[in-house]
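In what follows, a structure is listed as C-alpha cells, so that the remarks can point back to it.
Read-outs: derived from the displayed coordinates by stated rules, not from any lab. Fair warning: this is a prediction, and the values are worked out from it, not measured in the lab. Here the Cβ positions follow ideal geometry from the backbone for every residue, glycine too, while neighbour counts run over all protein chains shown.
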Amino acid sequence: MTRALSVPAAPGRFSTACRACPRLAGHLAQVRETHETYHARPVPPFGSDSPRLLVVGLAPGMHGANRTGRPFTGDHAGILLYDTLHRYGYANRPQSVALGDGLELLGCRITNAVKCLPPENKPLPAEVRLCNGYLRGELESLAPASAILALGAIAHQAVLMAFGVRRAEYPFAHAAQHALPGERTLFDSYHCSRYNTNTRRLTEAMFHDVFSAIGKHLAVGRQPAARLRL
C-alpha cells in the first residue's frame, strides 16, 4: 500500500512536527497564518515502503507540496514527473492532484533534500545539513542495486552528503550516473521545474532518456545469476 512514510533517521524519526530549523519553522508559521488550509509543515516522503527507485527533489513548493502535503503534488514541477513515473510503470496514474486522489507509486518513493518550504525556494546550507539525517535514513533503507534519481544539483549534493563521499569525485551533470557505496547508483537530472521546462533546458525527451537508463539499470539488477555449466 502506498502512503506517507515516517522514515527512521539520525538522530530521531521524521515528524511533521519537526522544528529543527528556526528560519524554516518561522516561515511555515507565517504561511499558516495567511493560508489556513495549507499543509504548511514538513512534508513526508511518499511512495513504496521498499522502493527500487528513490526520487530526491529539492524542497516543497509553496503552492504544491507545501499546500497539499505530498511531494511534487499540485504544482508545475509534478506534471512532468508524475506523467513520466506513470509512463515507466512507477505510478498507477499520470497525475498527482491531492491526498486521497487514488495515486499509488509502484516500487518508487519520492522525497526531498529539505522537507520544509524555504523562503524563495532557497534552503540554506545549514538547513540542508540539518535535514540530511532524514535523507540518510531513507538511503540506508534501500536494497542493493537500487537507483536514486537526484533532481537538480542541490538534491545531488544532499545525496552525496548522506553517503559521506566527496563532491569532487561525483560531479553533477544531466544524465550522469554514479556508482555509490552499497551498490546503489545515483542518476542525475535537471530539476523538472517550470523554469527548466519552459526554457527547454530540460525537455520531455531528455527526462525520458534518464528514466530509460534507470529502467535498464534496474532490469539488470533483477536478472538471476547465471548458472555454472559443469
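Report the residue, chosen from G100, G74, G215, that carries the largest GNM mean-square fluctuation when the chain is represented by alpha-carbon nodes joined by springs under 10 Å.
Evaluated over the chain, the most mobile residue of the options is G100.
Calculate the dipole size of segment 1-153 relative to its Cα centre from +1 charges on Lys and Arg beta carbons and -1 charges on Asp and Glu beta carbons; express the result in debye to the nearest 20.
So the dipole magnitude of segment 1-153 works out to roughly 240 debye.
May I ask which residue of G133, N66, L106 lies farthest towards the positive end of the charge dipole of segment 65-179, with charges of +1 (Lys, Arg) and -1 (Asp, Glu) on Cβ and the Cα centre as origin?
Selected residue: G133.
Can you tell which of Y170, Y38, Y195 shows the greatest fluctuation in a Gaussian network model of the chain with Cα springs below 10 Å?
Per the Cα network of the chain with a 10 Å cutoff, Y195 tops the list.
Counting each DSSP H run of 4 or more residues in the chain as -39500 (n - 2.57), what helix-only mean residue ellipticity at 222 nm follows after dividing by all residues, to the nearest 500 deg cm²/dmol?
Working: 7 runs with 79 residues, N = 230.
One gets -10500 deg cm²/dmol as the mean residue ellipticity at 222 nm.
Take T16 and R200, extend 7 Å from each Cα along the Cα→Cβ direction, and tell me the distance between the two endpoints in nm.
Output for this residue pair reads 4.2 nm.
Fewest to most neighbouring Cβ within 10 Å: what's the order for T203, T68?
Lowest to highest Cβ neighbour count: T203, T68.
Computed over the Cα atoms of segment 24-103, what is the ratio Rg over Rh, Rh following Kirkwood?
Details: Rg = 13.2 Å, Rh = 13.3 Å.
Ratio value, two decimals: 0.99.
Rounded to the nearest 5, what is the percent of antiparallel bridges among the DSSP beta bridges in segment 44-220?
So the antiparallel bridges amount to about 35 percent of the total.
How much of the DSSP beta bridge set in segment 1-135 is antiparallel, as a percent to the nearest 5? Intermediate results must be reported in sequence, preceding the final value.
Working: 6 of 11 bridges.
DSSP beta bridges in segment 1-135 are roughly 55 percent antiparallel.
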